Amino acid sequence: MSNTLIQDMPLKQGKRQRLDKPELLAPAGSLEKLKFAVHYGADAVYIGGQKYGLRSNADNFSFEEMREGVLFAEKYGAKVFVATNIYAHQEDLDGVADYLRELENAGIAAIIAADPAIVEMAQQVAPKLEVHLSTQQSTMNWQAVQFWKEEGLPRVVLARETTMEEIREIKARVDVEIEVFIHGAMCSSVSGRCVLSNHFTDRDSNRGGCCQSCRWKYDLHADEQSVMEPGHNPFTMGSKDLCMIQHIPDLIEAGVDSFKIEGRMKSIHYVASVVNVYRQAIDAYMADPEGYRLRPEWVEDIGKAANRPLNTGFFYAVPGAEEHIYEEEEKPAPYDFAAIVTDYDEATGFATVQQRSPFRPGMEIEFFGPGGRQSFQTIVEMTDMEGNPLAVARHPLQKVRIKTEKPVEPLDLMRKKL
Amino acid sequence: MLIGESRFGMRQPGDILSGDLKSAVLIAHRLGAKVYVNMNKLFRNDELAALPEYLISITEAGGDAIVFGDPAVLMNARRHAPGVKLFWNAEMTGTNSSAASYWGRRGAARAVVARELNEEEIGDLKSKAEMEIQVQVHGATNIYYSHRNLVQSYLEHLGKEASLVRRGVDRGLFLVEAERPDERFPVYEDDNGTHVMSPDDICLLEALPELVQAGVDSFYIEPLLKSEEYNETVLKSYRAALDLWKRDPGAYKFDNLWLTSIQRLQSSERELGFGFLYKEQVY
Ligand code: SF4
């Protein structure tokens with residue numbers, strides 16, 4: 001934002017400078033994913049620790065991994081946030097203070113919290129940790145945002161129900177950082193206000209136990225009978241995934257400070273592809289707002305990694321019939337993640353890659369890297385590490401060498417056309 | 001007594017508009033009852049302008065408390081209804097004593113706790129929160145709330161008449177999950193979105209002494225989706241039980257008639273149960 005007024009003003013103590021460029025905030029479900037998210041252009045990543053996050057998952061970060069992640073991110077000037085976004089029950093409260101101190105020690109920049117118990121504890125015991133109010137608090141009006149600002153929070157993640165118009169007003173009225181989700185799956189309920197899983201399976205959704213019961217199939221009954229007729233799809237509460245790639249200028253002009261991508265459970269391929277696309281779009285707009293054009297390959301590239309149907313959520317209208325998933329729309333993606341480039345030999349033009357799904361000579365593949373570098377080719381020459389020709393790369397994590405038509409770089413990804 | 005209107009409160013069984021607040025409060029006060037006004041909705045920017053006037057009308061009507069979930073209500077109440085008590089009700093997300101105390105220090109006199117807590121958690125919460133707590137003891141519970149119009153969206157998808165949408169509570173719409181054909185989940189849409197309700201009713205009548213001893217200050221009966229006769233009967237049973245306890249806890253004896261009179265009117269499709277009171281949940 002070329003807001004000269006703000007830039008010329010001396011920085012007052014305690015007053016945050018507005019971010020020049022919106023932050024691109026990506027999910028990282030593991031250390032490896034963190035590295036890819038940062039390498040592909042995320043300004044910040046959010047991760048889950050061993051406790052208090054809504055994705056209970058074996059891959060969640062240990063403090064040791066957090067430290068390593070923070071060091072890696074620092075090299076790129078990127079930050080690491082930790083989601084502590086559960087609504088705690090009594091039994092969860094005891095360890096919170098120690099946990100937050102550990103996060104602070106590990107160099108974590110911010111926590112994302114919804115429960116005031118955690119918000120307040122962080123402010124008391126870990127003053128260097130920023131506290132960002134989670135979307136789980138479902139904040140969608142400017143006075144509520146004002147409240148949290150006055151409580152000392154530098155950033156509010158808005159509810160996914162907030163419209164573009166409402167975001168503009170919030171930004172105009174309250175001087176606090178605003179983060180919004182721009183891509184990924186979402187609760188169809190108001191965040192925090194769904195306990196379907198508690199009822200169906202005794203798993204607490206607000207502590208990470210959600211089993212996505214909203215996507216299950218239901219029969220809608222009126223007057224004691226089903227409204228379904230032969231050939232009808234059943235009722236569901238499942239929403240299409242959010243995708244705002246077509247509306248980057250709107251989001252930037254509304255003053256959104258942080259663009260958040262959902263998906264801590266998603267693959268490296270997904271995170272790298274989606275981050276790569278949004279990075280390019282944001283950079284292109286900031287470099288030349290007037291000349292900005294949406295590039296069709298951005299939309300295409302998102303489609304190569306994401307197979308769920310997409311929509312724009314509440315930004316422009318209340319989601320209707322078209323925005324929910326009543327029939328199987330999960331088209332298999334036209335591409336599949338095949339390998340990670342670990343080395344490239346300029347002299348021979350051979351890349352060393354680590355296998356992530358089987359491939360063989362004759363297959364059409366694509367290499368891509370940060371900044372939208374992309375090359376398409378057919379696999380012609382492929383050898384093992386000793387140089388013996390290979391008919392197929394069958395084993396996970398197996399290293400093989402492929403002759404590339406264009407130079408590639410370590411951490412570039414290779415996907416295969418299906 | 002909890003009253004209000006859907007412009008401000010979530011899932012009111014009927015609207016008592018701001019013009020009628022005064023007479024409603026008068027009637028209740030004359031009978032020795034308190035009136036709490038429900039403002040626990042999550043508000044949007046364009047709904048904020050109505051808050052000050054409504055808060056003033058609650059003050060003028062002599063309302064005994066204002067129930068809030070959205071901090072915007074708290075901010076406005078400090079200015080426009082400074083003399084009226086505040087109760088915090090964030091539905092599913094009122095789960096621990098520190099959060100309750102947090103709102104307590106910001107003006108809330110009472111916390112309404114989540115219906116998904118068990119008895120031990122309720123007792124623990126109460127002992128640490130240093131404020132009044134309210135627990136729902138009877139009726140249906142909301143288990144899913146969305147700002148989407150899910151019934152309308154689905155019917156549109158089917159190409160059905162919009163008239164089938166039937167906005168409002170108790171219009172005979174149910175969801176049945178494919179694997180659980182015996183459970184019927186009431187669902188309805190109103191101006192605030194889509195609400196899915198539990199397929200069974202909680203009934204903590206037999207647990208009342210335990211809850212009283214755990215320090216619960218207020219027992220809430222949810223009247224939604226029930227007939228007047230049913231609600232009256234439920235009220236009478238709980239009233240009788242609490243009065244008997246109050247008179248002499250030592251001589252308290254559960255009267256099965258309290259329960260059977262409710263059971264007699266209970267829909268055969270909705271089981272009465274203890275909700276989450278004795279459950280352990282995982283995550
Ligand atoms: S069931 Fe659906 S709406 Fe409910 S918490 Fe899980 S994802 Fe969200």
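The values are calculated or read from the model by the stated rules, or taken from the named source; none is laboratory data. Because the structure is a prediction, the values reported are computed rather than measured. Because the Cβ atoms are built from the backbone with ideal geometry, glycine has one as well, and the counts that use them run over all protein chains shown.
Quick notes
- Residue match in the range A:171-187 (condition: of a type in the set (Gly, Ala, Ser) and at the interface with chain B (Cβ under 8 Å from one of its Cβ atoms)): no
- A single member of B:Gly193, B:Gly159, B:Gly215 is surrounded by fewer than 19 Cβ atoms within 10 Å (Cβ to Cβ) and either at pLDDT below 95 or under 29 Å from A:Ser213 (Cβ atoms) (or both), and it is B:Gly159.
- Looking only at the range A:194-208, residues that are facing another protein chain (nearest Cβ under 7 Å) and within 9 Å of the ligand (Cβ to nearest atom) come to 4 in all.
- Pairing each residue of the range B:169-186 that is at the interface with chain A (Cβ under 9 Å from one of its Cβ atoms) and farther than 14 Å from B:Tyr144 by Cβ with any residue that is of a type in the set (S, T, N, Q) and in a strand (DSSP E or B), provided the two are 6+ apart or on different chains, yields C-beta distances under 9 Å for B:Val176/A:Ser226.
- If you go through the range B:125-150 and pick out every residue that is within 16 Å of the ligand (Cβ to nearest atom) and among the β-branched types (Val, Ile, Thr), you end up with 2.
- Breaking point among (1) of a type outside the set (Asp, Glu); (2) over 30 Å from A:Glu91 (Cβ atoms); (3) not assigned by TED's automatic domain parsing to the domain that holds B:Glu91, for B:Arg180: (2)
- Filtered residue count, the range B:230-282, keeping only those that are in contact with a Gly (Cβ under 8 Å, 6 or more places away or on another chain) and surrounded by fewer than 12 Cβ atoms within 10 Å (Cβ to Cβ): 1
- Sole residue being touching an Asp or Glu at 6+ places or on another chain (Cβ under 6 Å) and more than 14 Å from chain B (Cβ to nearest Cβ), chosen from A:Ser267, A:Ser273: A:Ser273
- Only one of A:Ser213, A:Ser191 that is more than 9 Å from chain B (Cβ to nearest Cβ), among the small types (Gly, Ala, Ser), within 16 Å of the ligand (Cβ to nearest atom) and closer than 20 Å to A:Tyr87 by Cβ: A:Ser191
- Annotation: of all residues in the range A:152-163 being more than 16 Å from the ligand (Cβ to nearest atom), under 30 Å from B:Tyr154 (Cβ atoms) and touching a Ser or Thr at 6+ places or on another chain (Cβ under 9 Å), the one that is farthest from the other protein chains (Cβ to nearest Cβ) is A:Leu158.
- Put simply, of A:Ala321, A:Ala254 the only residue that is touching a residue at least 24 places away in the same chain (Cβ under 8 Å), within 14 Å of chain B (Cβ to nearest Cβ) and either out of contact with any helix residue (DSSP H, G or I) (no Cβ under 9 Å at 6 or more places or on another chain) or more than 16 Å from the ligand (Cβ to nearest atom) (or both) is A:Ala254.
- Qualifying residues in the range B:64-93 (those that are among the acidic types (Asp, Glu) and facing another protein chain (nearest Cβ under 10 Å)) - the one surrounded by the most Cβ atoms within 10 Å (Cβ to Cβ): B:Asp70
- Flag if A:Gly362 is surrounded by fewer than 13 Cβ atoms within 10 Å (Cβ to Cβ), outside the structural domain of A:Ala159 (by TED's automatic domain parsing) and touching a strand residue (DSSP E or B) at 6+ places or on another chain (Cβ under 8 Å): yes
- Taking helices (runs of 4 or more DSSP H) as the structural unit, those lying wholly within the range B:94-167 and holding at least 1 residues that are more than 8 Å from every other protein chain (Cβ to nearest Cβ) and under 22 Å from the mean Cα position of the chain (by Cα) correspond to B:97-105, B:119-129.
- Residue within the range A:53-62 that is farther than 24 Å from B:Asp124 by Cβ, crowded, with 18+ Cβ neighbours inside 10 Å and assigned by TED's automatic domain parsing to the domain that holds A:Phe259 present: yes
- Between A:Phe368, A:Phe315, the distinction of being in a strand (DSSP E or B), among the aromatic types (Phe, Trp, Tyr), surrounded by 12 or more Cβ atoms within 10 Å (Cβ to Cβ) and in contact with a helix residue (DSSP H, G or I) (Cβ under 8 Å, 6 or more places away or on another chain) belongs to A:Phe368 only.
- Qualifying residue in the range A:238-250 (condition: within 8 Å of another protein chain (Cβ to nearest Cβ), within 13 Å of the ligand (Cβ to nearest atom) and buried (at least 18 other Cβ atoms within 10 Å of the Cβ)): yes
- Residue within the range B:225-234 that is more than 25 Å from B:Arg264 (Cα to Cα) and more than 11 Å from chain A (Cβ to nearest Cβ) present: no
- Taken over the range A:56-90, residues that are over 21 Å from A:Ala117 (Cβ atoms) and under 17 Å from the mean Cα position of the chain (by Cα) amount to 8.
- Residue count for the range B:6-45, restricted to those that are within 14 Å of chain A (Cβ to nearest Cβ) and farther than 22 Å from B:His195 by Cβ: 1.
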